[in-house]
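Readers should treat all values here as calculations from the given coordinates under stated rules, not as data from a laboratory. Everything numeric in this text was worked out from a predicted model, so none of it was measured. Counting neighbours? That spans all protein chains shown, and the Cβs are built from the backbone with ideal geometry, glycine included.
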Amino acid sequence: MIQPQFGDYQEAVAQVNITVANRIFQQMLKHPLLEKICREEGRMGGYFCDGPNDNEDPANRLVAQVGDPNQEKAQKYFDYCVEKECRLGQHPEDLLSRDSRVPEEGKWGGAVRGNKRRGSLSCLPEQADEIFGYAYLVAIGDLEVPEVLDRLERSPNDFETVFYDLELKDLFKAPC
């Protein structure tokens, strides 16, 4: 895979965001609603995507691995996470990629629009991918928890309790 080139500042921000994404993902894997299904189905990693709402230039998109993806599914996860995030850019009225979901065409849910950014994950069940997107956007300061709660009320999610159980406040601390 070709790695994007960043300036020093962009590289630092990207590395912090990748660390935050991995910390959220690891918490999600340990959640009782996801732990068994992830282990049994080999969903121990995938790819996440972070892109701006106002720019479709691929150079402004961060795509990175989280966890340890099943190598047989890694390319599919990569392709789906980018497709979901890009599709939100093509549908500016949508807040979730599930709003334009067409499984027959390989268009799945799992991406979330924030105020300035879009977050996507591919490897968990679709609605759990959405919860990751919400958590990621809260963690990087693009959504506030009350905004997420309002959205979850309007678009219920089977994994909503996972969001409530995540520890999002200390994700920026250096690892011990």
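One decimal place: the segment K36-R101 gains 20.8 nm when fully extended, by the rule 0.36 nm per residue minus the C-alpha distance. Normalised by the number of residues in region 19-176, the average gap of Cα pairs under 8 Å and 6 or more apart makes the relative contact order 23 percent. Counting 0.36 nm for each residue step from Q75 to V16 and taking away their Cα separation leaves a gain of 18.9 nm.
On full extension of the chain, what length is gained from R154 through K116, given 0.36 nm per residue of separation minus the C-alpha to C-alpha distance?
11.6 nm
Enclosing the Cα atoms of region 73-172 in their convex hull gives a volume equal to 102 cubic angstrom per residue.
For K169, the lysines whose Cα falls under 29 Å of its own Cα, not counting residues fewer than eight places away in the same chain, are K30, K36, K84, K116.
By the Kirkwood approach, averaging reciprocal distances over each pair of separate Cα atoms, the chain gets a hydrodynamic radius of 16.0 Å. A crude spin-label estimate for the pair N55 and E167, with each label 7 Å from Cα along the Cβ direction, gives 3.4 nm. Its relative contact order, with pairs defined as Cα atoms under 8 Å and 6+ residues apart, puts region 72-147 at 24 percent.
The largest-to-smallest principal axis extents of the Cα set in region 37-116 are 37, 27, 20 Å. Considering region 3-78, its Cα convex hull presents a mean projected area of 5.8 nm². Of all the options L166, L88, L96, the one that moves most in a Gaussian network model of the chain with Cα springs shorter than 10 angstrom is L166.
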